Amino acid sequence: MRLVPTAEQDRFAAVLHDLLSAADVPAVAERWAQGDAAPGRAVWSRLADAGVAGLAVPERWGGTDAGAADLVIAAEELGHHAVPGPVAETLAAVPALLLALGDDRLCDKWLPELAAGRVVAALAAPPWLPYATDAHAADLVLLAGDDAVRLARTGAAHASMDYTRRLFEVSPGGVLATGPDAAAAVARALDLGVLAAAAQLLGAGCALLEAAVAHARTRVQFGRPIGRFQAVQHKLAEVAVALEFARPLLHAAAVTVGSADTAARDVSAAKVACGSAAHQAARAALQVHGAIGYTREHGLGRWLTKVRVLTLTWGTAAQHRARVMAELTR
Amino acid sequence: MNLDLDAAACAFRDEVRDWLAANVPAGRLPSVDTPQGDAAHRAWERRLADAGLAVVSWPLEYGGRAVPPLHALLFEEEYHAAGAPARIGQNGLFLLAPTLLRHGTPAQRDRILPPMVRADEVWAQAWSEPEAGSDLAAIRSRGRRTDGGWLLSGQKTWSSRAAVADRAFGLFRTDPQASRHRGLTCVMFDLRAPGVTVRPIRQLDGDPGFAEIFLDDVFVPDSDVIGEPGDGWRVAMSTAGHERGQTLRSPGRFLAAAERLVALWRSGDGRDAATRNRVVDAWIGAQAYRMHTFAALDAPAGPFAASATKLFWSELDVALHETALDVLGARAETDAAWTDGYLFALAGPIYAGTNEVHRGIVAERMLGLPREVAR
């Protein structure tokens, strides 16, 4: 049994952290928000060079088939830097979906492009994903339902409270697969997407806690750093505990997602715990920062709003709790 | 990452499961803190000891199995899943013994551990004092040097198990000139020695779970001092680490309680979504604690991680039991198993350092926030 990352996985995370720290993600996100996807695509391409885009793609299609443990490590790092775009879709759900459909023509066409970082994919899968996120910047847009997987035609666009996101209504296009096998493939793909979203939430939560701690150490009020006030200390301590105990659930779900009959239960538990911890981190970070954190120019808002939309999509907490109970009492 | 158990772990788990299935008493034993319960629990401890299952992680020479930590966690999971009795010896087994194994002499270990394993000697912990609860460094009870040992005087309070225990261990100020953390000595003493008066205190649940201990020139020989005189703070902190960490509050207990909560939910009526969500959150919390403990096997936690763990399990315990009472509704009042568990859980955020103290430790020592007060 081993539930902590290997030294190699720690190095992988460190490489991604350095890459994203150097990439000026805040500026990239600003351009992305303005509709200019080019800098974001460039970052994605560099992440692909580091092996991120091919984690869920088998070697025969140019990926590394690394497994869910590496996937959550990468997704946590992307969440830590609040990387814009359909991350969980492109990194996890869509490759898993194409693979699970078992159609070699589809795999031959799309998987090498995804693994190379040349294709960004969006996905609508009601009710968990009613819209296709950032379909304007995607090369492949899919619509997954209980009965079929289709190419999606994109319609009207909506703004999100995460100002870097744009949400597209979709209508059914050409059918890629139907029947029970397609439904099973969708279920598996969504579980991987949920896992990646949970990892993003955990990473964003950690980033918010780090920002709050850094601010509390230096911001002086009433003649002393606010981090010396017990009310501030206790709020941040509770966030630290929540994040610390969410991570092992995420890693355990990464172990069971591929095979065990507890996969659905474990993935849902991880989403609830990571979402709850990240939400707690967001509230605490804004409170500790005060008004400066509420401004667009400070940048804290990129994490605050991304945490909120990620807790609402890929299944709400209520939907995942219902699924956990259904699995427990099956 | 993986959750695989090797053949040895599986075999050990199965052996424990089979033995418990054949040996766990039917029905609940009387409370460990009553005279009838005391006898029944000591008999149970002897049965465990005879099977070599009293403390599986201990060295062979003291009646353990010398199993790795993972096996000890599996033992706890099986123990609680089987509904086996609470451990009357827990203060000795899980607090004093690890301290002796680390700081004690071979002679102390040979003399104290065997009767502890068989519950022939039950131990109480005597940390707190009227002026020193979570602030242990404020201890005033004294030890005065005398020929061949020390004379203990003062008052201890909230001493768990002291009403039924045979012996106790605690901190005494042996150098009144030294500053708060210095000049303390860790001492074991006999609760029936001349000069000792034990006054049981009834807890919220009605049982004398703790007691006041009055000491009036109680003689203890040098051989009952743990570590060096004056080094008691360091010795006590390693014990406190065990208390705040997982040994006393193994995930197995929370897992078993969470499973019972889910079953309660399933069998109940009036199953609204809000309560269901709380049941699920309690179950998720127990799983998180379990996985966190498994992860810690491969990534030894920092010295202050025990504070985060204590915060997590104590709050989880309250939430879990409060949820069970709400699921039961008005019927909860007469459900002794859940109400006893609830009242027990209420103590968690108070003892072993209050949760406010631990939030301060997490904030300052783990997160690196500036000190709130001089400590």
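Taking region B:323-335 as the range and being more than 14 Å from every other protein chain (Cβ to nearest Cβ) and in contact (Cβ under 8 Å) with a residue 24 or more places away in the chain as the test, the residues that pass are B:A324, B:D326, B:L328, B:G329. Residues in region B:337-367 that are within 7 Å of chain A (Cβ to nearest Cβ) and outside any helix (DSSP H, G or I): B:L367 alone. Quick check on region A:85-97. Is at least one of its residues surrounded by 20 or more Cβ atoms within 10 Å (Cβ to Cβ) and in a strand (DSSP E or B)? No: zero hits. All of B:R87, B:R47 fail the test of being more than 14 Å from chain A (Cβ to nearest Cβ), open to solvent by less than 30 Å² (accessible area, probe 1.4 Å), free of Cβ contacts under 8 Å to residues at least 60 places away in the same chain and not acidic (D, E), apart from B:R87.
Scanning region A:208-250 for residues that are more than 7 Å from every other protein chain (Cβ to nearest Cβ) and either in contact with a strand residue (DSSP E or B) (Cβ under 8 Å, 6 or more places away or on another chain) or open to solvent by less than 10 Å² (accessible area, probe 1.4 Å) (or both) yields A:L208, A:A212, A:T218, A:R219, A:I226, A:V239, A:L243, A:L250. Considering the conditions (1) in contact (Cβ under 8 Å) with a residue 60 or more places away in the chain; (2) facing chain B (nearest Cβ under 10 Å); (3) buried (at least 23 other Cβ atoms within 10 Å of the Cβ), A:K306 is excluded by exactly one of them, (2). If you filter region B:332-360 down to residues that are of a type in the set (A, V, I, L, M, F, W, C) and open to solvent by 30 Å² or more (accessible area, probe 1.4 Å), you find that the one that is nearest to A:L236 (Cα to Cα) is B:V357.
Taking each residue of region B:172-185 that is in the same structural domain as B:K156 (by the TED database) and looking for partners that are charged (D, E, K, R) and assigned to a loop (DSSP other than H, G, I, E, B) with beta-carbon atoms closer than 6 Å, six or more apart or interchain, yields B:G183/B:D175. Evaluation of B:R371 against the conditions (1) charged (D, E, K, R); (2) within 11 Å of another protein chain (Cβ to nearest Cβ); (3) part of a helix (DSSP H, G or I); (4) open to solvent by 60 Å² or more (accessible area, probe 1.4 Å) shows that the sole unmet condition is (3). Go through the residues of region B:13-36 one by one and say whether even a single one is within 14 Å of chain A (Cβ to nearest Cβ), acidic (D, E) and within 22 Å of A:M1 (Cα to Cα). No, region B:13-36 has no match at all. The single condition among (1) open to solvent by less than 20 Å² (accessible area, probe 1.4 Å); (2) of a type outside the set (S, T, Y); (3) without any contact (Cβ under 8 Å) to a residue 24 or more places away in the chain that A:V324 does not meet is (3). For region B:127-152, filtered to residues that are outside any strand (DSSP E or B) and open to solvent by less than 20 Å² (accessible area, probe 1.4 Å), the residue that is farthest from B:G183 (Cα to Cα) is B:W127.
The values are calculated or read from the model by the stated rules, or taken from the named source; none is laboratory data. Everything quoted here is computed from the prediction, not taken from an experiment. Cβ: placed from backbone, ideal geometry, glycine included. Neighbour counts: every protein chain shown. Just the protein is used for accessible areas: all its heavy atoms, side chains included, with ligands, DNA and RNA removed. Shrake-Rupley method; radii C 1.70, N 1.55, O 1.52, S 1.80 Å.
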